[in-house]
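Heads up: the structure comes next, in structure tokens.
Read-outs: derived from the displayed coordinates by stated rules, not from any lab. Every value quoted in this text rests on a predicted model; they were computed, and no experiment measured them. No Cβ is skipped: glycine too gets one built from the backbone with ideal geometry, and neighbour counts run over all protein chains shown.
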Amino acid sequence: MRRHTVVLSLALTLVAFPACSDETGSPPTSVAPTDGGGNADAGDPPYPYEPSPANPAFQHAWGSSTLECSMTVSEMSKATTVVVGTSSIHVGWAQVSGNNQDPFIARVDHGAVAWCVAAEAQGPDGRAYGLAWDGGQTLYAVYTVVGGGTALDGKGGWLDSYGSAGSGGNKTVSVVARHDPSNGSLIATTFVASQLESAMKVNSLSPRAMVVLADGSVEFLGNPAFSPLNPDKTRMCAGGSEYPNGYRIRFSADLKQALCADTTACSKVTAPCK
């Protein structure tokens with residue numbers, strides 16, 4: 001696997017993921033590549049957002065890679081990685097027992113593994129995609145999960161659990177997490193999900209980028225199915241011919257509040273990001 005370390009002076013590399021239709025089968029207006037590879041069809045509209053300028057105090061990394069706690073330090077270095085001095089943080093996911101996938105995050109200090117933990121190790125599938133770390137006490141990661149009842153639930157964020165956007169199901173949604181960099185434990189999480197058009201149920205929202213901004217807020221970009229949510233958790237899309245292209249949302253540093261959010265092609269956006 002290619003190393004995914006982003007130098008501060010460079011823009012984040014976007015990794016695109018598939019947009020999903022709602023349960024009625026309405027086709028998305030944009031179909032993006034799967035799991036960080038391939039190219040979108042030539043006729044698809046371009047993704048409407050670029051990550052905002054990053055806080056220079058943070059190192060960022062993004063990518064889909066393999067990581068598990070049995071790996072050597074050399075093997076971990078091939079995962080999605082940020083490096084600050086003689087320390088590094090690594091994130092990725094692995095196939096574990098049966099058909100289950102779990103996301104892992106690890107820290108290496110002075111060439112030795114300081115800790116390695118599963119962000120969630122319950123029944124739903126989970127994956128890991130991104131990191132932002134200031135080299136000190138502030139560490140964020142981005143995950144996906146397919147279902148509730150995991151360690152990612154109940155950590156006090158804007159959407160506190162898999163079912164916070166509506167009744168649950170088997171849709172893939174994103175999670176922005178804050179970890180304790182001294183031991184990897186979860187401090188806070190917010191789920192980032194959309195809703196089905198026909199019911200108040202969770203719908204898919206896959207991750208594309210995450211960046212910490214100069215004011216400490218956390219910006220997330222993703223690919224939503226119908227319908228992404230405003231900061232007040234109302235729907236952005238009215239239905240019918242409206243189908244979102246792209247999604248941008250910003251969270252407070254503690255992940256408890258959504259500060260602004262927008263998408264294109266939907267008429268009910270109430271608090272767009274400036």
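Numbers for the structure displayed
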{"read-out": "Mean Cα-pair separation over length for the stretch 83-194, i.e. relative contact order, pairs under 8 Å, 6 or more apart, %", "value": "22"}
{"read-out": "Rounded D (µm²/s) - the stretch 59-264, Kirkwood Rh over Cα pairs, Stokes-Einstein at 37 °C, 0.692 mPa s", "value": "194"}
{"read-out": "Bridge type composition, the stretch 59-264 - antiparallel percent by DSSP, nearest 5", "value": "95"}
{"read-out": "Whole-angstrom gap from the stretch 98-142 to the stretch 260-274, using each part's C-alpha centre", "value": "31"}
{"read-out": "Order of S174, S185, S70 under a 10 Å beta carbon neighbour criterion, fewest first", "value": "S70, S185, S174"}
{"read-out": "Partners for K78 among lysines (Cα-Cα distance below 30 Å; same-chain residues under 8 apart left out)", "value": "K155, K171"}
{"read-out": "Stretchable slack from D232 to V96, in nm (0.36 nm times residue separation minus alpha-carbon distance)", "value": "45.3 nm"}
{"read-out": "Percentage relative contact order, the stretch 59-264, counting C-alpha pairs under 8 Å, at least six apart", "value": "14"}
{"read-out": "Förster radius 25 Å - calculated FRET efficiency between S185 and T86, Cβ distance, rounded to 0.05", "value": "0.65"}
